[in-house]
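The values are calculated or read from the model by the stated rules, or taken from the named source; none is laboratory data. All values reported here derive from a predicted model rather than from experimental measurement. Don't worry about glycine lacking a Cβ; one is built from the backbone with ideal geometry, like all the others, and counts go over all protein chains shown.
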Amino acid sequence: MRKTQLALLTLGATVLAGFVNVTPAAARVYPWCAQGGEFDYPGECAYSTYEQCQASVSGRLLYCGPNPLVAYGQAPWPQPQPRRRTRPVAPY
């Protein structure tokens, strides 16, 4: 009896844990990227200031450049127009 109760309690806790909403970490777009040799375009975009980027790339044969997502923005996707449905009209 005790094993059954423990099994049901465990099952209930597992089901409840599945319903808990875990929110993902907020994505952050950093304005500066380390660019050059070992990084593809746009580079390692993980720096809040130009000085942070410069300190990171110092001695690594890299350079700092603006993050293209921040510098040039991203064009919004055009919203699709709703389709009009016409019904065939029977002749009278």
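Overview of results
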{"item": "Hey, Thr10 loosely packed, with under 10 Cβ neighbours inside 10 Å, polar (S, T, N, Q) and modelled with pLDDT under 85 or not", "result": "no"}
{"item": "Checking Val70 against (1) under 21 Å from the mean Cα position of the chain (by Cα); (2) in a loop (DSSP other than H, G, I, E, B), the condition it does not meet", "result": "(2)"}
